[in-house]
1. Can you report the number of residues in segment 86-125 which are of a type in the set (V, I, T) and free of Cβ contacts under 8 Å to residues at least 40 places away in the same chain?
2. When you go through (1) modelled with pLDDT under 90; (2) over 25 Å from S19 (Cα atoms) one by one for G130, which number turns out not to apply?
3. Select from segment 175-184 the residues that are in contact (Cβ under 8 Å) with a residue 40 or more places away in the chain and either open to solvent by less than 40 Å² (accessible area, probe 1.4 Å) or among the hydrophobic types (A, V, I, L, M, F, W, C) (or both) and write down the one among them that is farthest from I206 (Cα to Cα).
4. Any residue in segment 72-83 that is within 22 Å of N216 (Cα to Cα) and among the polar types (S, T, N, Q)?
5. Mind listing whichever residues of segment 37-53 are touching a strand residue (DSSP E or B) at 6+ places or on another chain (Cβ under 6 Å), among the aliphatic types (A, V, I, L, M) and in a helix (DSSP H, G or I)?
6. Kindly indicate the residue of segment 185-203 that is part of a loop (DSSP other than H, G, I, E, B) and modelled with pLDDT of 90 or more and also most open to solvent (accessible area, probe 1.4 Å) among those meeting that condition.
7. Report yes if S19 is open to solvent by less than 70 Å² (accessible area, probe 1.4 Å), at pLDDT below 95 and under 17 Å from A98 (Cβ atoms), otherwise no.
8. Scan segment 138-154 for residues that are open to solvent by 30 Å² or more (accessible area, probe 1.4 Å), within 25 Å of R25 (Cβ to Cβ) and in a helix (DSSP H, G or I) and report the count.
Amino acid sequence: MDLTPQIPKLQTRSKQGHSLLRSSRTAIASGDRVLLASWMGWFQDLGHLVAATTTEEDCLQRLQKDDVNLLICTDQLEGGNGPSLIRRAKQIKPTLKALLLVQRPILRTILQAIDAPCDGLCSHQNVGMGGVTAALTAMESDGMYHDSVIADVLRHGRLGRTAPGSIPPELSLKEEDVLRGLCKGMSNQEIADSLVVSIDTVKSHIGSLLRKLQANNRTHAVVVAFQQGLIDIPTLPPRWNP
């Protein structure tokens, strides 16, 4: 693939960085040392990079010692794996935001990451094509993000099928609209703007959704919605503004 026409856009995006990176104390982890080195250079002018490791245990030790509120890692590490790292990291720091860059987008890895829970999943091939920016934007507004490749894996894995004999909860039309927004990684304000309602109304619908879906949080609600076939998995990532 010839990416030459994308060079100006990618260079501009790289220089601009992202507000979440600039405001966060970030730890990065990857089994790919070349990728890790490029991230370390990339962060020089974009944000506060606290830790860079190649293994799950080394990263967890850093998280216990240092003040970190954003974790970016790949699924493949020299020791351990990304979904396990995120799950254990969130036990240490429950408010931690976590972005997983999926190098091998297989269903098991994706389900483990969602269950961790991971705030954003971006396939390796979309990392340099705006996927990271889209994921960070969704995460900054408390949304959950997964790109088109991840969605396709979920679809082909038949995650969006209701189990035989189960009765899906009855949702109102507004609740369905809000649920679609959650599944696209939209923030409460973005959902409110799209539906032309107040943000308090959106929060009320989300509370109702959590009760009806018996979900613990927004991320869990999205998983339940896909599992029960309540919402079609989006084929395209949300159109976030850079």
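The values are calculated or read from the model by the stated rules, or taken from the named source; none is laboratory data. What you see is a predicted model; the values in this text were computed from it and never measured. Because the Cβ atoms are built from the backbone with ideal geometry, glycine has one as well, and the counts that use them run over all protein chains shown. Just the protein is used for accessible areas: all its heavy atoms, side chains included, with ligands, DNA and RNA removed. Shrake-Rupley method; radii C 1.70, N 1.55, O 1.52, S 1.80 Å.
1. Selection size over segment 86-125: 4.
2. G130 satisfies all of (1) modelled with pLDDT under 90; (2) over 25 Å from S19 (Cα atoms) except (2).
3. Taking the candidates together, the pick is C183.
4. Checked segment 72-83: no residue is within 22 Å of N216 (Cα to Cα) and among the polar types (S, T, N, Q).
5. Selection gives M40 alone.
6. Ranking the candidates gives V196 first.
7. So S19 fails the test.
8. Total satisfying the criteria: 1.
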